[in-house]
Structure formats: structure tokens, C-alpha cells
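Scroll down for the structure; my scribbles are underneath it.
Only the coordinates and a few stated rules stand behind these numbers; no lab work does. Everything quoted here is computed from the prediction, not taken from an experiment.
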Amino acid sequence: MFNKRTKIKELLSQEPKNQLVTVMGWVRTFRNNQFVALNDGSTNTNLQVVLELGKFNDNLLKRITTSASLKITGTVVPSLGKGQKIDLKAAVIEILGDSDGEKYPLQPKKHSLEFLREIAHLRFRTNTFGSVFRVRHSLAFAVHKFFNDKGFVYMHTPIITASDAEGAGEMFKVTTLPLDGTAPKNSDGTINFKEDFFGRATNLTVSGQLEGELGATALGDIYTFGPTFRAENSNTARHLAEFWMIEPEMAFYDLEDNMNLAEEFIKYIIKYAMDNAGEDLEFLKQRLADEEKSLPQDKRSEMGLIEKLEFVCNNNFERITYTEAIDILKESNHNKKKKFQFPITGWGMDLQSEHERYLVEKHFKKPVILSDYPKEIKAFYMRQNEDGKTVAAMDILAPGIGEIVGGSQREERLENLVRRMKEMNVPAEELWWYLDTRRFGTIPHAGFGLGFERMVQFVTGMSNIRDVISFPRTPGSAEF
Ligand code: ATP
Ligand code: MN
């Protein structure tokens, strides 16, 4: 057996009692032929390994370069240096992998996030990305724990699908037909997808919701947590072409139940990350504060990262209707002074991210749940309200991010649903299986979708979504 190592994070919590341990990791720095700062990814804190002068031969010492990988056995002793409680006094050093320190792209200096995106295969080895990905893990684990503890069933919805949940999403096509112009055609010149692998046109899923509803209308409460794909050509700091979405769907829930669950869920996973990745959040808080030092005062966050997270956990989200939001925006000085790029034209308009951010960041200064949107700007499956104009939709807006959750109570009345599908040109024949849930024991139900990367952005304070997913897919970019 090779791996009998102690992880550095664990080791740093032990008392130094001359105990013999083995560690493995990568060299961050090597000073004076005596001090190795070793990192193994379990924490940003490096282990200081002390090499007694004269004990190791020169040939070995030369091979201890930045990013070389080492296996070291030694004893744990109190540190004489400042900044750490313990040192590892090396007895045996084995080089697992050499590294040409000169050619290694990560030099011990500050690199920009943009540069690190170009070497995304190595950026995990920086403190920033070490922290981001450990926090991301913590949040992912919390997602499962939250739903599992509430008796939800984790449902895996298909990645390849023939349906488009949003009605008009930009989708990636999935096909095995040749792309060189020789694909079989119909008499009208269009591609004959009957000849394709699945005997029909298919695409990568934009949402697991419709299938999720099938699960919820039998199992009760389900959630999905998987990748979704959108070929939207929006090059923003909040959009990816491939992102992970959490979509719970609950039987016997109305819109208010839905909001309550979403709010509880967001607070829970934030709290979980604070309790289990506190050290990494401390690091990220400092990183953000340093980054913001270069910004003008009015562009800086009012609260530090951890303060912000605590604030979100300890305060109720503001809940207002779309109609109230439009009134607030219309009456705002910001609008009157024509400071919005898209002026508030009135009821019925779709809210832009600048409007959403004004509401959360300037007006309420806390997360906001907006509900009851005009039916024209929302999907066909949302439950129609009595007023005939709005639907039981809700979006949750977060400071610094904008929309983080989109959800609704679903239209459970067959007639209403079919009528709305006709009005919106959604082909009812193709969704016969979806409509069956309304034919055979229909129930009130609701659900929402939370974009996982936007949540990770919110918790880590990273301003670009490309920096919270290991290998971002965006327009023009699919390296690694
Ligand atoms: P937006 O208006 O920001 O594009 P949307 O209205 O298209 O969002 P939904 O279709 O409601 O979003 O998707 C549910 C959630 O998925 C959103 O609230 C958001 O958190 C996340 N999301 C949507 N599109 C993306 C994307 N391209 N990249 C990352 N996350 C996304
Ligand atoms: Mn979108």
C-alpha cells in the first residue's frame, strides 16, 4: 500500500509530540535549502518542513523545486518560526515527481484571474482557487444534505432530451448525422431527423423541470442537481453555456410554500459553508477586500464577505410583487434621472439585470423575492392567477448577482394549461406525457431552479462566473 499519509489540514490541528507522520504534496516554496512550504490541497495553509543542514545530499536538494511533488516522513515538532504552531522535521524525503521550476507557469507572485483562466488546468494550485473549489464542494454537499434530511428523492433527469422546457431556449443540438452536407433530407430540403440516432431531433437539456414534475407527482418531493446547457450568446459575468442547476419540485406546494423552501434552502447551504469551510471563506473575504481596494469608494461592497453572508442568513428576504417592483423602480430617482440604460416603460416590461440589482443593492439592500409576473414574460407552465394577467412565478434576486433562483407554482388545471400552450405555440402533442400528470390525479405543485454557479459566486465573492466552475464553457471558449 502506498498511501498512508496524513493530510496537512489534519496534521495542523495536532499537538506536536514528536509523532512520526508521512505527508505528500507539492512544493510551494523552498528557502535556504532548509524550509519547504508543502501544500497538499487540503488547506491553503502550507506545512513547514524543516531540513536539517547537511542531512540530505545536494542532488536531492536540487530537485526540490517549485511544484515538485514530494513524499516526506518525519516527526512533528513545535515550530521555532513565527506564523505556525508546528513544523515537520524531515527524516526521509522522496521525490515523487520532478518539476522544472523555471518553466512552471505559476510563479510565486500575484497572477490575474484572467491569466489564471488561461491555465485553468493549474489554477487549482493557487490559494484562491483552492478555496473556491473547497467552498464549492461544501455547498454541493450541503445541497444533498438539506434535501436528504427533508426526505426529498434525488432524481437524475435526462441530459439528452427532445423537449425544451422554456419554450424558446437556445439549445445545443445532439446528432450523429454527418455535418458535411450529406445528411438525409426531407423533400422540402430540411434535415430528416427520422434518420438520426434517436429517430428525432434532440438537444442537450436546458432544465430538468418537466421531467422533475413527473417525479414529484408520484414521489412527492424530488430534486435534481445536474448540468444544464444553454447556447445563449450572452458574454456576461453571470452566464455559462454549461452550468449546474438544482431543481426541486414539490407536490402539494403553493407559491408561498415554494418561496419559504427556497429561502430556507439558501440560508441553510450558506450556513453550512460557513460552518464547514470557514477558513477558506476567511481567505476569500480577505481576497475580496484586497481586490476592492483598487475600486473607487462607491463601487466597494458595504459589507465584508462574511458579514454579508451572516446578514443574509439572519434576515428575512424582502417579498414583493412584480407590480410593486415596477412602482418602486418607476418612482426611483435613478429612473427619474434617466440613469437606467433601459428606462422603466411601465407594467408588462421584462426586468433587466440593472433593475434587479437596483432593487436589491440600492433600494432594499437585501435579497428580494419578486412574485406574480405578467404572464407574457413567463413560461407556459406557470399557474395563472385570478387576475387573468399574472402568473404565480417567483424570482429570487441576490446582491451583486441579480437573479439566482427562478421558480413558480405550476399550472395543474389541464384546460388552463392547454389553452396557454396554444397561445404560446407550445406543441401539446409532443408534451403528451407532461399533460398526462394533469389528466391522472393532478395536484397543486411548485418548484424552482437555482443556478449553482451563481450561488457559488455569491458565497465566494468571485465576480466572474468563469472563476467558480473548474472548466468554464462560454461563447468561443471550450479549452481543457
Ligand atoms: P437570466 O435572466 O439571468 O439569464 P434565466 O431567467 O434565463 O436567467 P432560468 O431559466 O429561470 O434563468 O434558470 C434558473 C436559474 O439558473 C437562474 O435563476 C440562474 O441562477 C441560473 N442560470 C440561468 N441561465 C444561466 C447561465 N447561462 N449560466 C449560469 N446560470 C444560469
Ligand atoms: Mn437566461
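Over 30 Å apart at the Cα level, from the set K9/K267; K336/K365; K339/K422, are K339/K422. How far, in degrees from 0 to 90, does helix 305-314 lean away from the longest principal axis of the Cα atoms of the chain, to the nearest 10? In the chain, helix 305-314 runs at an angle near 50 degrees to the longest axis. Pairing the Cα long axis of helix 278-292 with the longest principal axis of the chain, what angle in degrees results, from 0 to 90 and rounded to the nearest 10? Once rounded, one gets 80 degrees.
The smallest convex shape that holds all Cα atoms of region 334-480, its convex hull, gives 175 Å³ per residue.
Normalised by the number of residues in the chain, the mean separation of alpha-carbon contacts (under 8 Å, six or more apart) gives a relative contact order of 13 percent. Karplus-derived 3J(HN,Hα) values for region 368-376, using 6.51 cos²θ - 1.76 cosθ + 1.60 with θ = phi - 60°, are 10, 9, 9, 9, 6, 7, x, 5, 4 Hz; glycine and proline are entered as x.
Based on Cα atoms of region 61-143, Rg over Rh with Rh as the Kirkwood radius reads 1.05. Taking every Cα-Cα distance in region 38-99 and sorting them into 10 Å bins from zero, the calculated P(r) comes out as 20, 53, 26, 0 percent.
When the Cα convex hull of the chain is projected onto planes of every orientation, the mean area is 29.4 nm². Under 5 Å between amide hydrogens, built in the peptide plane, is the criterion, and for G25 it picks out L70 among residues at least 5 positions away or on other chains.
The three principal axes of the C-alpha atoms in region 244-283 carry coordinate ranges of 41, 20, 11 Å, sorted with the longest axis first. Considering region 165-237 at the alpha-carbon level, its Rg and Dmax are found to be 16.2, 47 Å.
In the structure shown, the pairs K366/K389; K17/K285; K103/K299; K271/K338; K62/K285 are assessed against 30 Å; a Cα-Cα span above that value is assigned to K17/K285; K103/K299; K271/K338; K62/K285.
Above 15 Å, the calculated P(r) of region 115-161 contains 63 percent of its Cα-Cα pairs. The angle between the Cα long axis of helix 414-423 and the main principal axis of the chain comes to about 90°, on a 0 to 90 degree scale. Averaging the sequence gap over all C-alpha pairs within less than 8 Å and six or more residues apart, then dividing by the number of residues, gives region 23-77 a relative contact order of 42 percent.
The shape of region 68-225 can be summarised by an equivalent ellipsoid whose semi-axes, obtained from the alpha carbon gyration tensor, come to 50, 27, 14 Å from longest to shortest.
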